[in-house]
Amino acid sequence: MDTVKTPVLVIGGGPVGLSTALHLDRQGIDCILIEKHATTAFHPKASYFNVRTLEILRILGIADEIYATALMPAGTAFYTKLCGYKLGVFSAMDYPEHINAVMQSTATPGCVSSQVVLEEILHRHASAAAHVDVRFGHEKTKIEQDEIAVRTTVLNRNSGETFTIEADYVVACEGVRSSTRDELGAKLLGPPPFGHAINIYIEADLESLVDERDMALFWTATPTAPGAFIALGGGHRRYCFNTPYHPERGEKPEDFDETRAMERVRAAIGNDSLPIKILSIGSWVLCGQVVDEYRKGRVFFGGDTAHLNIPTGGFGFNTGMQETHNLAWKLAAVLRGDAPEALLDTYHSERRPIADFNVEQSRENAVNIRDTGATFGGTIPDNDEIDLDTPKGKAQRKAKARAIVKQTKHFVFLGQEIGFGYWDSPLITPDGTPHYAVEHGVENSVSTYIPNARPGARAPHCWFDAGAADRTAAHDLFDDGFVLLTHGADGARWASALPGSGPVASVGVKRYSVGEEGSGADLVDLGGSWRRDYGFADTPDGAVLVRPDGHVAWRSFSAPDDTAAAELEEAALRSLGHRLE
């Protein structure tokens with residue numbers, strides 16, 4: 001049996017797997033990506049691409065392609081049926097402070113699109129990448145590893161031939177039903193399934209039936225078809241209708257053929273004449289669980305292989321996109337010999353707490369949304385007459401309407417999107433400052449985000465004038481390597497504090513001075529947001545070291561004297577894992 005060698009094998013050609021390959025390509029690391037299916041997905045799953053995901057896609061050069069067909073959501077509408085009673089609208093316009101915070105906090109606001117669209121774009125870019133060998137129609141059948149390498153047996157489903165891929169490391173992004181995760185003995189931890197849902201992909205002009213436009217979701221509370229129509233961007237005419245089925249009643253996914261699926265969709269719409277085309281039908285289990293270990297030897301888990309998220313909030317796919325962005329630069333540093341192998345252990349310690357939080361918050365959203373009469377799974381209490389013009393029906397509708405305004409964490413979650421950080425990571429050098437929620441007395445850190453450069457945080461967004469025709473977003477600088485941003489007149493001294501040899505010099509650190517217009521700095525601080533959000537408003541000096549994944553590794557408010565210079569070198573070594581015990 002033939003053997004092919006590669007530094008990294010990526011298993012899975014979904015959005016997380018394909019973006020992993022592109023991150024490795026940007027690091028100059030060769031990889032092979034295998035996917036058992038012949039093509040990218042046709043049946044959509046993810047639909048909301050959040051702020052952090054789009055920042056990552058901007059780094060990969062494809063955010064504009066997503067925006068070209070995306071929907072900028074105006075809110076979420078709640079009905080009994082779409083042609084029945086309106087229960088209420090959770091409108092973005094009712095939260096102007098949130099909208100302003102989003103626009104001030106990123107160059108890439110979240111949008112509604114489709115995983116189908118994203119996978120096609122990622123596949124095209126990965127297929128053209130210099131360091132990526134994309135092989136669809138190739139299925140992993142067996143995986144073995146030792147202290148030297150991982151050997152994966154692969155079936156070419158086109159030719160029927162079997163061969164071995166020998167890799168230094170493997171990143172498994174196979175999805176929920178990961179055979180690699182099971183084969184290596186990794187366990188998903190968490191409560192039992194929350195419910196079961198049928199996912200019906202349709203084409204229909206739902207907006208012709210309602211007053212609202214550009215809604216991310218239309219929730220329905222009718223007892224015969226509770227669920228949600230999830231918009232998929234594009235022409236605004238394609239939706240996924242998620243609605244519960246009940247195994248405890250003897251229902252099975254295979255019972256939902258096109259006829260029964262159409263009945264369920266029309267029951268939710270309340271209209272028998274609207275043209276509807278069913279494109280495909282799927283099913284899934286609502287479950288919130290996280291893998292016990294993100295790493296098993298030389299194999300790493302990402303995306304739905306690492307965690308199962310209930311989609312209330314859309315944090316499954318988005319969490320996965322962050323994960324391998326965290327992992328890729330670490331793999332590259334180890335493979336190039338710039339970092340010890342122990343650096344890779346921090347993938348688990350940094351990312352698993354984030355997954356735990358997002359899974360738990362999604363579960364909380366799924367519980368709370370039932371108060372509105374809507375659900376992705378399970379039953380809804382007190383909605384048996386919600387479609388009727390009876391005293392009980394009126395009372396039920398009023399109760400559901402009151403619950404809609406309490407769904408803030410479900411639909412306003414900028415803090416959860418970009419306020420997370422690796423606060424306790426051994427790679428991060430603390431500077432003694434408190435978390436922004438503590439410093440500013442923030443009660444709801446899921447919804448509220450305050451830009452800050454506390455070590456461990458995602459580096460805040462700001463705009464720079466770099467002398468080019470267009471302004472530069474801070475995250476455009478954090479694309480593939482370490483970046484040192486210096487404040488004040490002594491930027492050159494800060495830059496010279498980095499060692500000229502050794503692992504820090506080898507990995508390379510891009511250096512930029514930041515100042516006001518006319519200061520001669522590399523980057524002009526437009527609007528003063530750099531000084532304010534990075535914490536330098538009250539000091540004439542300072543510097544920030546940012547990792548390749550855009551998170552702050554170290555910050556100093558001092559002038560670049562000998563002590564501070566030594567601290568910078570030590571922080572750089574620490575961020576590369578050279579101080580791990």
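Side notes on the structure shown:
- Violating pairs (Cα-Cα greater than 18 angstrom) within the set LYS86/LYS392; LYS86/LYS409; LYS142/LYS296; LYS45/LYS409: LYS86/LYS409; LYS45/LYS409
- On Cα atoms only, tilt of 391-404 relative to the major axis of the chain in degrees: 10
- Considering only VAL102, PRO548, ALA41, and ranking their Cα positions along the charge dipole of the chain that arises from unit charges at the beta-carbon of Lys, Arg, Asp and Glu, the one farthest toward the positive end is ALA41.
- In order along the range 337-345, the Karplus-derived 3J(HN,Hα) couplings, from 6.51 cos²θ - 1.76 cosθ + 1.60 at θ = phi - 60°, round to x, 8, 9, x, 4, 5, 4, 5, 5 Hz, and Gly and Pro are given as x.
- Contour excess over end-to-end distance, with Cα ends at GLU341 and ARG532 and 0.36 nm allotted per residue: 65.1 nm
- Averaged over residues, the count of other Cβ atoms within 10 Å places the peptides 126-133, 328-335 in the sequence 328-335, 126-133, highest first.
- D_trans [Stokes-Einstein, Kirkwood Rh over alpha-carbon pairs] for the range 423-575, 10 °C, 1.306 mPa s, µm² s⁻¹: 101
- Considering only the range 423-575, percent of DSSP beta bridges that pair antiparallel, nearest 5: 65
- Taking θ as phi - 60° and the Karplus parameters 6.51, -1.76 and 1.60, the scalar couplings of the range 5-10 work out to 10, 7, x, 9, 10, 9 Hz in sequence order, x denoting glycine and proline.
- 0 to 90° range, to nearest 10: angle between helix 96-105 axis and the chain longest Cα axis: 40
- Summing Lys and Arg as +1 and Asp and Glu as -1 over all other residues whose Cβ lies under 13 Å from the Cβ of PHE256 gives a net charge of -3.
- ALA130 versus ALA468: modelled label distance in nm, points set 7 Å from Cα along the beta carbon direction: 1.8
- In this Cβ point-charge picture (+1 for Lys and Arg, -1 for Asp and Glu), the range 441-581 has a dipole of about 260 debye about its Cα centre.
- Working from label points 7 Å from Cα in the Cα-to-Cβ sense, the LYS394 to ASN444 distance is 3.1 nm.
- Based on C-alpha pairs under 8 angstrom that are at least 6 apart in sequence, the chain has a relative contact order of 15 percent.
- Cβ-Cβ FRET estimate between GLU144 and THR39, R0 fixed at 25 Å, reported to 0.05: 0.30
- Rounded to the nearest 20 debye, dipole of the chain from Cβ charges on Lys, Arg, Asp, Glu: 1300
- Highest mean first, the peptides 511-523, 282-294 sorted by other C-beta atoms within 10 Å per residue fall in the order 282-294, 511-523.
- The residue among ALA130, ILE29, GLY14 whose Cα reaches farthest toward the positive pole of the charge dipole of the range 1-151, with charges on the beta-carbon of Lys, Arg, Asp and Glu, is GLY14.
- Here the label points at ARG237 and GLU203, each 7 Å from Cα along the C-beta direction, are separated by 0.7 nm in the simple model.
- Charge-dipole axis of the chain as Lys and Arg at +1 and Asp and Glu at -1 on Cβ define it, positive-most pick from ASN50, ALA537, ALA339: ASN50
- Karplus (6.51, -1.76, 1.60) ³J(HN,Hα), θ = phi - 60°, over the range 301-316, in Hz, Gly and Pro reported as x: 10, x, x, 5, 5, 8, 7, 10, 10, 5, x, 6, x, x, 9, x
- Cβ-defined net charge surrounding LEU573, 14 Å radius [Lys, Arg +1; Asp, Glu -1]: -2
- Charge dipole of the range 265-398 (Cα centre as origin; +1 on each Lys and Arg Cβ, -1 on each Asp and Glu Cβ, all else neutral): 260 debye, rounded to the nearest 20.
- 0 to 90° range, to nearest 10: angle between helix 15-26 axis and the chain longest Cα axis: 20
- When both bridge partners sit in the chain, DSSP labels roughly 65% of those beta bridges antiparallel.
We did not get these values from a lab; they are worked out from the coordinates using the rules stated. Keep in mind it's a predicted model, so treat the numbers as computed, not measured. All Cβ positions, even for glycine, are placed from backbone atoms using ideal geometry, and neighbour counts span all protein chains on display.
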